[in-house]
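The values are calculated or read from the model by the stated rules, or taken from the named source; none is laboratory data. The shown structure was predicted, so the numbers you read here are calculated from the model rather than taken from an experiment. A quick note on method: Cβ atoms are made from the backbone with ideal geometry, for glycine too, and the neighbour counts reach across all protein chains shown.
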Amino acid sequence: MKRNILITGGAGFIGSHLVRLFVNNYPEYNIINTDKLTYAGNLANLKDMENKPNYTFVKADICDFPAIRSVFTKYNINGVIHLAAESHVDRSIKDPFSFAQTNVMGTLALLQAAKTAWNTFDNKLFYHISTDEVYGSLGNEGFFTETTPYNPHSPYSASKASSDHFVRAFHDTYGLPAIVSNCSNNYGPYQFPEKLIPLFINNIRNNKPLPVYGKGENVRDWLYVIDHARAIDVIFHNGKIGETYNIGGFNEWKNIDLIKVMIKVTDRLLGRKEGESEKLITYVTDRAGHDLRYAIDSNKLKNELGWQPSLQFEEGIEKTVQWYLDNQEWLDNVTSGAYREYYKKMYGNAI
């Protein structure tokens, strides 16, 4: 069967890596990338894909139901990998309406478009990408599993939890073939510098303050973005309909410890004395509702589908820092002009 796969949010951070993987690894598939091209969507992330015969870009808003329905019809979509989302916790605190609109109503529009377009559900799949933040906060021990109760604490995680529930509801109510995965914090090339790692690399490069929430003791599990794309590939092709899969890096770090490793690597690659930029660390008031610890148990994915991460953080951060330093034009472009004005309004001079 010819696969015509719609990847939503394919011009974003994770999406662009996934589009590249699918276009290159599956030349017999047609990959249709739809993206609204907000501040975080950037077609420069996919310049090497532009002339590929099995790749098509369609600018569209997932909340625009008629536009999305026409994409399903025009391209005979029989598989969906849904990544399009508003994804930054800080912005969700400032603007929860945008997160509810895109993450909840946008997902609902996609689900309804799929249900309407697919006369039969044979050989179809709606694969929804979500976050570990839906599970809430862990103490010092334990891990999130696929059966951990949902307990979101931010508008962002609440919106993603709601979208997860809608996907499962369409599976349970209508029989829509669906899979959900929940991943830990991603890092790597092409991440927009509102997120911790690219923001701090950029600020170290420019000798700007490194704002650390609270005492920097919050713990996150970090996953290299290309490993995440590999996991999505495995789940899309081999995952079981109706199941949930957690994707994590088995790679926990306290924020402050991660930041100090990142400082040493960035200083060294810039030709500075390692650790010199620790003087830029500035402790700021903690984020409202800041979850203490996230950690994912990915053993279901490992044991059932054979996936595991290929990189640990020290190797991944070296590759990541080097990429941002080698692609300073990309970084400068996305932090200038209209983007800079937007961020001054949102965050002052953090970027």
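For segment 118-136, the condition holds for no residue, the condition being that it is modelled with pLDDT of 95 or more, of a type in the set (K, R), out of contact with any Pro (no Cβ under 9 Å at 6 or more places or on another chain) and more than 22 Å from W222 (Cβ to Cβ).
The strands (runs of 3 or more DSSP E) found wholly in segment 216-275 and carrying at least 3 residues that are closer than 24 Å to A178 by Cα and in contact (Cβ under 8 Å) with a residue 12 or more places away in the chain occupy 244-247.
The residue that is farthest from A169 (Cα to Cα), counting only those in segment 209-252 that are at pLDDT 95 or above and basic (K, R), is R230.
Quickly run through segment 306-317 and pick out the residues that are without any contact (Cβ under 8 Å) to a residue 60 or more places away in the chain and either buried (at least 16 other Cβ atoms within 10 Å of the Cβ) or not in a helix (DSSP H, G or I) (or both).
Hit for segment 306-317 is Q308, nothing else.
Would you call D61 closer than 30 Å to D122 by Cα, acidic (D, E) and crowded, with 16+ Cβ neighbours inside 10 Å?
The answer is yes for D61.
Would you check if A84 is within 20 Å of T131 (Cβ to Cβ), in contact with a Leu (Cβ under 9 Å, 6 or more places away or on another chain), among the small types (G, A, S) and assigned to a loop (DSSP other than H, G, I, E, B)? It is true that A84 is within 20 Å of T131 (Cβ to Cβ), in contact with a Leu (Cβ under 9 Å, 6 or more places away or on another chain), among the small types (G, A, S) and assigned to a loop (DSSP other than H, G, I, E, B). With the condition kept exactly as written, say whether any residue in segment 273-281 is buried (at least 22 other Cβ atoms within 10 Å of the Cβ) and either within 19 Å of the chain's Cα centre (by Cα) or among the aliphatic types (A, V, I, L, M) (or both). Scanning segment 273-281, I find no residue that is buried (at least 22 other Cβ atoms within 10 Å of the Cβ) and either within 19 Å of the chain's Cα centre (by Cα) or among the aliphatic types (A, V, I, L, M) (or both), so the answer is no. Per the conditions (1) at positive phi; (2) assigned to a helix (DSSP H, G or I), the sole criterion not satisfied by K160 is (1).
Please go through segment 240-254 and pick out each residue that is surrounded by fewer than 18 Cβ atoms within 10 Å (Cβ to Cβ) and either among the charged types (D, E, K, R) or closer than 24 Å to Q322 by Cβ (or both). Once the filter is applied, which keeps residues that are surrounded by fewer than 18 Cβ atoms within 10 Å (Cβ to Cβ) and either among the charged types (D, E, K, R) or closer than 24 Å to Q322 by Cβ (or both), segment 240-254 yields K240, E243, K254. Residue pairs whose Cβ atoms lie under 8 Å apart, sitting 6 or more positions apart in sequence or on different chains, and linking a residue in segment 129-146 that is loosely packed, with under 14 Cβ neighbours inside 10 Å to a partner that is among the aliphatic types (A, V, I, L, M), are G139/L292; G142/A295. When L110 is tested against (1) surrounded by 20 or more Cβ atoms within 10 Å (Cβ to Cβ); (2) part of a loop (DSSP other than H, G, I, E, B), only condition (2) is not met. Residues in segment 285-305 that are part of a loop (DSSP other than H, G, I, E, B) and of a type in the set (A, V, I, L, M) were compared, and the one that is farthest from L210 (Cα to Cα) is A295. A Cβ distance below 9 Å, combined with a sequence gap of six or more or placement on separate chains, defines the contacts here; from segment 281-300, residues that are more than 14 Å from Y135 (Cβ to Cβ) and at pLDDT 90 or above reach residues that are polar (S, T, N, Q) and surrounded by 16 or more Cβ atoms within 10 Å (Cβ to Cβ) in the pairs N299/N246; K300/T244; K300/N246. Across segment 37-53, the qualifying residues are those that are touching a strand residue (DSSP E or B) at 6+ places or on another chain (Cβ under 7 Å) and crowded, with 18+ Cβ neighbours inside 10 Å, and the one among them that is farthest from G15 (Cα to Cα) is M49. Only one entry in S92, S87 is modelled with pLDDT under 95, within 27 Å of G239 (Cβ to Cβ) and of a type in the set (S, T, N, Q), namely S87.
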